[in-house]
Amino acid sequence: MDERKSDAERVTDAIEDVGVDRLTDAIVDAWERAGLDTGTPTWPDDEPLFRVRPPVSDEDAGLDALAAVLDTTPRRPETAFCYLDRGRRADLVGPGRVELEALSGHADVTVDADHTAGTVPFTPQTFDALATLFDELSYLVVRDADDVAIAEWRAETLRFALPESGLETVKNSLDAATADRIERAE
């Protein structure tokens with residue numbers, strides 16, 4: 001392994017070796033071969049795990065659920081590992097381009113022609129960027145300062161850890177159709 005390469009460059013090399021550009025098992029395998037964090041979350045032992053698959057008919061439901069969890073958790077989000085199906089293409093203009101540039105400004109983020117991947121500090125600006133690009137988000141894991149997951153977005157499903165006492169707050173923040181879909185995860 002070339003120690004002079006950044007994590008982002010090693011991720012790009014590993015992904016190119018596999019020949020895929022979407023978050024699949026092959027990409028996770030490539031990240032592991034490169035010795036990098038795969039984004040796979042470690043969940044807290046003292047909080048139950050929940051999941052919700054928001055209705056497809058409500059385009060904002062996934063983002064709303066993520067925001068409700070992040071507003072309710074007693075833990076402070078520190079980092080976000082994300083994989084977007086959006087790269088630095090010439091046809092990307094406007095707010096999406098601005099937010100992609102904001103994410104790509106971080107050393108651990110790689111932006112290729114058709115995807116963006118890496119870890120960024122979780123700030124209000126990071127949330128705004130991810131919210132703008134949410135339709136392009138294939139994978140996201142938000143972690144606290146101890147590197148323990150708070151929330152994970154994958155395959156249009158949000159998994160999250162939260163004290164039982166916070167679940168009602170999350171449900172009350174969501175529309176009824178989304179709130180009714182929240183269930184315990186294993």
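Here is a yes/no grid of residues against (1) farther than 22 Å from Asp58 by Cα; (2) at pLDDT 80 or above; (3) among the β-branched types (Val, Ile, Thr):
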position	(1), (2), (3)
Val109	yes, yes, yes
Asp112	yes, yes, no
His115	yes, yes, no
Leu137	no, yes, no
* Is it the case that Thr119 is part of a strand (DSSP E or B) and either over 19 Å from Arg53 (Cβ atoms) or over 19 Å from the mean Cα position of the chain (by Cα) (or both)? -> yes
* To do: Kindly indicate the residue of the stretch 127-186 that is free of Cβ contacts under 8 Å to residues at least 12 places away in the same chain and not in a helix (DSSP H, G or I) and also least open to solvent (accessible area, probe 1.4 Å) among those meeting that condition.
  => Ala155
* Can you tell me which residue within the stretch 103-118, out of those that are within 14 Å of Leu133 (Cα to Cα) and of a type outside the set (A, V, I, L, M, F, W, C), is surrounded by the fewest Cβ atoms within 10 Å (Cβ to Cβ)? => Asp114
* Assess whether Val56 counts as being aliphatic (A, V, I, L, M), at pLDDT below 85 and either closer than 29 Å to Asn172 by Cβ or touching a Cys at 6+ places or on another chain (Cβ under 7 Å) (or both). => yes
* To do: Name the single residue, out of those in the stretch 144-182 being within 14 Å of Glu47 (Cα to Cα) and not hydrophobic (A, V, I, L, M, F, W, C), that is farthest from the chain's Cα centre (by Cα).
  => Ser165
* Does Glu47 satisfy being charged (D, E, K, R) and either modelled with pLDDT of 95 or more or buried (at least 18 other Cβ atoms within 10 Å of the Cβ) (or both)? -> yes
* In the stretch 42-85, residue farthest from Glu183 (Cα to Cα) [restricted to those that are among the β-branched types (Val, Ile, Thr) and in a helix (DSSP H, G or I)] -> Thr72
* Out of the residues in the stretch 58-94 that are open to solvent by 90 Å² or more (accessible area, probe 1.4 Å) and either touching a Ser or Thr at 6+ places or on another chain (Cβ under 6 Å) or in contact (Cβ under 8 Å) with a residue 60 or more places away in the chain (or both), state the one that is farthest from Leu130 (Cα to Cα). => Pro74
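The values are calculated or read from the model by the stated rules, or taken from the named source; none is laboratory data. Remember, predicted model here, so these are calculated numbers, not experimental data. Here Cβ is always computed from backbone atoms with ideal geometry, including for glycine, and neighbour counts include all displayed protein chains. Surface accessibility is based on the protein's heavy atoms, side chains included, excluding ligands, DNA and RNA. Shrake-Rupley method; radii C 1.70, N 1.55, O 1.52, S 1.80 Å.
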